[in-house]
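Engineer: Let me give you the structure first, and then I'll get to my questions.
Nothing in this text is a laboratory measurement; each read-out follows from the coordinates by a stated rule. Because the structure is predicted, anything quoted here is derived from the model rather than measured. FYI the Cβ positions are ideal-geometry reconstructions off the backbone, even for glycines, and counts take in every protein chain you see.
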Amino acid sequence: MSRLAPTFERLRAQGRRALIPFVTAGFPDPALTPAVLDALVAGGADVIELGVPFSDPMADGPVIQRAGERALAAGVDLARVLAMAHDFRIRHADVPLVLMGYANPIEAWELRHGAGSFARAAAQAGVDGVLVVDYPPEECAEFAATLRAHGLDLIFLLAPTSTEARMAQVGALASGYVYYVSLKGVTGAAHLDTAAVEAMLPRIRAHVRVPVGVGFGIRDAASAQAVGRHADAVVVGTRLIQALEAAPPQAAAAAAEALMRELRTALDALPPRDAAGA
């Protein structure tokens, strides 16, 4: 079993929401990734999504695209991401780590190393879950089974346009948590409609038994609180990448930790989960 379920169970018992930062592996520099990951944990992250750089990131906005391009230019591929995950696991035994990316690097890995090799390598590296943006549920039942056999969770995206049928498909396969994309469009889009998020979450929960995290549009303490009133987890990506981009290299880890502390403090200031009625 991965570390995700125990983490969410602990947070639920405490009445708290999970804070899940996304960071591109190798950004702003491969040598800085370990320090940035450590800073995210120190700042209060409960789960970390580690982005696998890819040359055609169709769901990502310009900020995360730039981060991926910079990481690719520095030679960060799936093998290096798995090595970073392994090193992270040595330092942090209990913090769940999720790889987030696209199908192509995984399929290329399996072409080189054989069927089922990605799940095996990810499990050996200490990864807990995988989110593949372009793997729809109707096409990856076998992939989900392979991951489960190695103790890994398969995490799916849902969107404002998701139908009841798609939610049911996701509910049948998802484990760990579900990531609800709160906005139409790519990462970094601006307007966050918290009323729409509040209305959508009961529909999702009618089909999905795992926790629901909400991302896209989380930029500061206020937006984190607005989403945290209703979601099981708050996911922040673009804002974190911007903080890393703006900081000089020697201050990158400190910038990541400061943002996490801001968001963690905001989420912990909310009423406990049951008192909030969520």
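Engineer: Order of 250-261, 112-123 by packing, highest average Cβ count within 10 Å first?
Structural biologist: 250-261, 112-123
Engineer: What number, in percent, do you get for the relative contact order of the stretch 206-278 if the mean sequence gap of Cα pairs under 8 Å and at least 6 apart is divided by its residue count? Show your work: numbers first, answer last.
Structural biologist: Details: 71 pairs, mean separation 24.2, N = 73.
Relative contact order comes out at 33 percent.
Engineer: Now for a different question. Please compute the length gained on full extension between Ala159 and Leu72, using 0.36 nm multiplied by the number of residues separating them and subtracting their Cα-Cα distance.
Structural biologist: 28.5 nm
Engineer: Could you tell me which of Val52, Val208, Thr163 has its Cα farthest along the dipole of the chain towards the positive end, charges placed at Cβ (Lys, Arg +1; Asp, Glu -1), taken about the Cα centre?
Structural biologist: Of the options given, the answer is Val208.
Engineer: Can you give the alpha-carbon Rg of the chain over 2.2 N^0.38 Å, where N counts its residues? Intermediate results must be reported in sequence, preceding the final value.
Structural biologist: Working: Rg = 17.2 Å, N = 278, 2.2 N^0.38 = 18.7 Å.
Expressed relative to 2.2 N^0.38 Å, the Cα Rg reads 0.92.
Engineer: For the stretch 224-278 and the stretch 72-119, what is the separation of their C-alpha centers, rounded to whole Å?
Structural biologist: 25 Å
Engineer: Quick one: order Tyr180, Tyr135 by neighbouring beta-carbon count within 10 Å, fewest to most.
Structural biologist: Tyr135, Tyr180
Engineer: Run lengths n ≥ 4 of DSSP H only: what is the helix-derived mean residue ellipticity at 222 nm for the chain, with -39500 (n - 2.57) per run over all residues, to the nearest 500?
Structural biologist: On the way: 13 runs with 137 residues, N = 278.
So the helix-based figure for the chain works out to -14500 deg cm²/dmol.
Engineer: Tell me the net charge near Ala85. Cut-off is 14 Å between Cβ atoms, Ala85 excluded, with +1 for each Lys or Arg and -1 for each Asp or Glu. Before the final figure, lay out each step's value.
Structural biologist: Working: positive: Arg3, Arg80, Arg89, Arg91, Arg120; negative: Asp38, Glu49, Asp77, Asp87, Asp128.
Value of the local net charge: 0.
Engineer: Turning to a different aspect of this structure: Please sort 61-70, 124-133 by packing, taking for each peptide the average over its residues of neighbouring beta carbons within 10 angstrom, highest first.
Structural biologist: Peptide ranking by packing, descending: 124-133, 61-70.
Engineer: Let me ask something else. Considering Cα pairs under 8 angstrom that are at least six residues apart, work out the relative contact order of the stretch 117-234 and quote it in whole percent.
Structural biologist: Details: 171 pairs, mean separation 25.2, N = 118.
It comes to 21 percent, rounded to a whole number.
Engineer: Here's another thing I want to ask about it. Which of the listed residues, Leu267, Thr33, Ser223, is farthest toward the dipole's positive end in the stretch 4-269, when Lys, Arg count +1 and Asp, Glu count -1 at the beta-carbon?
Structural biologist: Result: Leu267, furthest along the dipole toward the positive end.
Engineer: On to the next question. Give the relative contact order (percent, whole number) for the chain; include only Cα pairs under 8 Å separated by 6+ residues. Don't skip to the end; give the middle numbers.
Structural biologist: Values: 527 pairs, mean separation 67.0, N = 278.
Reported as a whole number, the value is 24 percent.
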